[in-house]
Amino acid sequence: MSRDAPWTRFDKLLGAVFLALFFVGITISSLYGWRELWPASHWYELRAVHVDDGRVGGPVRVVPDRSILRAFNGSYTTTVRNLPDLNVMCSGGETVRYREGVKLRASVDLDWWTAGALPPCTQELVEGSYVLTTCIHVKTGIPLVGERTACVDSNIFNVFEAKAKPNPAELISPRRSPRPKPKPRWLTPTMKG
């Protein structure tokens, strides 16, 4: 069977659809690849967030390990969840104009770190275990990249019930308690022979 025309109308239409799908796939892949060239860590590195244990209603210390590598406009969100249920206890965040190289104090408290949480986080935490999630949202300003986000979970921290007055017996650590004095030899039982 021989053909007079090498390409029929159907063959040409099928070829055009295939080429269109091919170029759309290449374009979408290129856009995703372009976005991956610009992770949030290009501007802001949030390596870890350590939260100390605390008392109900008292301050809870937060020690972040972070670096601002480039100036950018962005925001952050923080969420404290209880364990093991992962119910949201408090959430906060705000829009910030980040400047390159700015350092935080050595430590900050949980209410400061979760800015915007109403009521403040320390008022919401009851006795239990918690985890703090911090997300940084970088507004890149780069065409077709948009906003980039990086999140970090803290260590598991505990909040203990505040005691009205400490028990004096609990103030002495068992390791630091004085050694009992040895009994005199004349009080020890003797062996009968």
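Yes or no: the range 35-50 includes at least one residue that is at pLDDT 85 or above and in contact with a Phe, Trp or Tyr (Cβ under 6 Å, 6 or more places away or on another chain).
Within the range 35-50 (the criterion being at pLDDT 85 or above and in contact with a Phe, Trp or Tyr (Cβ under 6 Å, 6 or more places away or on another chain)), the answer is no, since none of the residues qualifies.
Quick check on Ile156: is it of a type in the set (Val, Ile, Thr), modelled with pLDDT of 90 or more and surrounded by fewer than 16 Cβ atoms within 10 Å (Cβ to Cβ)?
When the stated conditions are applied, Ile156 passes them.
Only one of Phe18, Phe23 is at pLDDT below 80 and either of a type in the set (Asp, Glu) or part of a helix (DSSP H, G or I) (or both); which?
The conditions single out Phe23.
Whether any residue in the range 47-57 is touching a helix residue (DSSP H, G or I) at 6+ places or on another chain (Cβ under 7 Å) and either farther than 20 Å from Val152 by Cβ or open to solvent by 60 Å² or more (accessible area, probe 1.4 Å) (or both) is what I want to check.
yes
Please state which one of Ser129, Ser107 is under 17 Å from Asp52 (Cα atoms), of a type in the set (S, T, N, Q) and in contact with a Phe, Trp or Tyr (Cβ under 9 Å, 6 or more places away or on another chain).
Only one candidate qualifies: Ser129.
Applying the selection to the range 68-92, what residues are more than 19 Å from Ser129 (Cα to Cα), open to solvent by 30 Å² or more (accessible area, probe 1.4 Å) and in a strand (DSSP E or B)?
Asn73, Thr77
Considering only residues that are in contact with an Asp or Glu (Cβ under 8 Å, 6 or more places away or on another chain) and surrounded by fewer than 16 Cβ atoms within 10 Å (Cβ to Cβ), look in the range 108-130 and name the one that is modelled with the lowest pLDDT.
Once the filter is applied, the top-ranked residue is Gly116.
The values are calculated or read from the model by the stated rules, or taken from the named source; none is laboratory data. Given the structure is predicted, the values throughout are model-derived calculations rather than measurements. Note: ideal-geometry Cβ built from the backbone for every residue, glycine included; neighbour counts use all protein chains shown. With ligands, DNA and RNA removed, areas are computed over all heavy atoms of the protein, side chains included. Shrake-Rupley method; radii C 1.70, N 1.55, O 1.52, S 1.80 Å.
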